[in-house]
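Below is one structure, written out as structure tokens; comments come after it.
The values are calculated or read from the model by the stated rules, or taken from the named source; none is laboratory data. Since this is a predicted model, take the numbers as computed values, not measurements. Counting neighbours? That spans all protein chains shown, and the Cβs are built from the backbone with ideal geometry, glycine included. Calculation scope for accessible area: heavy atoms of the full protein, side chains included, ligands and nucleic acids excluded. Shrake-Rupley method; radii C 1.70, N 1.55, O 1.52, S 1.80 Å.
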Amino acid sequence: MSNLQSVQGAPTWDERIAEIQRLPNSFGTDALTGIYAEIGRTLYVPYIAPDFAYVPRDANYELPAFRESYRIVHDQTNGFAAVSEQDLVKVLLGSSRALLALRTITGLLPGEFASVTGIIGQRDELTPASVGQAKIKSCESKGTALTHGQAVLLARTIDELMRGLFSTPPPDWQSKQAKPDTDLGWASVAQFAAHGVPYDVFLHQRHYGGSFLQLSNATSGKKGDVLEHAVSSLLSGAGVPFLQVNQSDQSEIVRRFGVTVTPAPDFVIHDEHDQLRAMIECKSINDGGTARDKASRFTKLRVESQRLGGPAVIAVLDGLGWTRVTDALGPVIRDTDGRVFTTETLPALLEIHPVSGLRGKAC
């Protein structure tokens, strides 16, 4: 039986890991790349589930929240007829939640919009000279009060964007205001507000990247949180002693276990003598190119493991990006010796050494 067949036929996870560890003794580097890819394709890819069909819930992105902001702006501007700088100042001072609809009309993300306030604030020597992204988000989600100076700067930013602040883009580029509802400035906004958006225009904007894209980008970390919650629940339920890094200080990880790789792994597993036994990293990725780039993270953890005397490196993965086997999943299998788990196979993590021997050891 070939080494590859031995890996594929291993009856337990620990035997599979042992067979994968033997591979470098039997094959050259060029051959190993293909072998790790084939192992990934046959033993791991079948358990990788897509998560692209779902997006996290976030009340700030749901229709009721946006509709409230839009209603404020629509009513206070008489259907976008009264939209001078002074009119917008009055609207924003009345309710800063109006900023959500007004910023969205400009087509800019919160960070981009904040940058433009800095351009205008410094140019016109206003006080304040800018309004930061955190303040913008707080206004939009919580209705945080604005000072008169902040309202003036925000209103001027919106007004100038709508009047063509960036109307001369480089060749083969276009302004973010060159979209159907703002192509003619406030006039086209009022027209669409009064008569509605044709369905083909609506779908075209989705084609540009509308429905769910910004929500997905803004909440991308929550997908990783789902994996981390699953790992935490599994280890806690089995009584395995561990630290979850997002609930601990990086300095504590360094002090107790000598782990210096930054950022620290998502979890560290230790024994009852406070000795580091394993490091776990969670990655949920749907894009193959991103998965390829993130695979190098496990190489760094492997190097750190070697420096620390060999604690196990464990990967918990999800998302179709990891179906890219040659330069994404394959290298992760190599760097973890096959200790790769998905949502479906996660319970088996408790069966591998050293985790299996630590069950029930948590204080």
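Just checking, how many residues over region 22-42 are open to solvent by 60 Å² or more (accessible area, probe 1.4 Å) and not in a helix (DSSP H, G or I)?
So the count comes out to 2.
Name every residue in region 245-295 that is hydroxyl-bearing (S, T, Y) and within 20 Å of S233 (Cα to Cα), in order of residue number.
Listed by number, the residues that qualify are S248, S284.
Condition first: open to solvent by 40 Å² or more (accessible area, probe 1.4 Å) and without any contact (Cβ under 8 Å) to a residue 40 or more places away in the chain. Now tell me which residues in region 5-18 satisfy that.
Q5, Q8, G9, P11, E15
Results for (1) within 24 Å of G34 (Cβ to Cβ); (2) of a type in the set (D, E, K, R), shown as yes or no for each residue.
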residue	(1), (2)
R277	no, yes
D287	yes, yes
A291	yes, no
A328	yes, no
A362	no, no
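State whether the residues of region 300-312 include one that is open to solvent by 10 Å² or more (accessible area, probe 1.4 Å) and closer than 17 Å to L227 by Cα.
no
In the list S305, S284, S296, which residue meets the criterion of being touching a residue at least 40 places away in the same chain (Cβ under 8 Å) and polar (S, T, N, Q)?
S284
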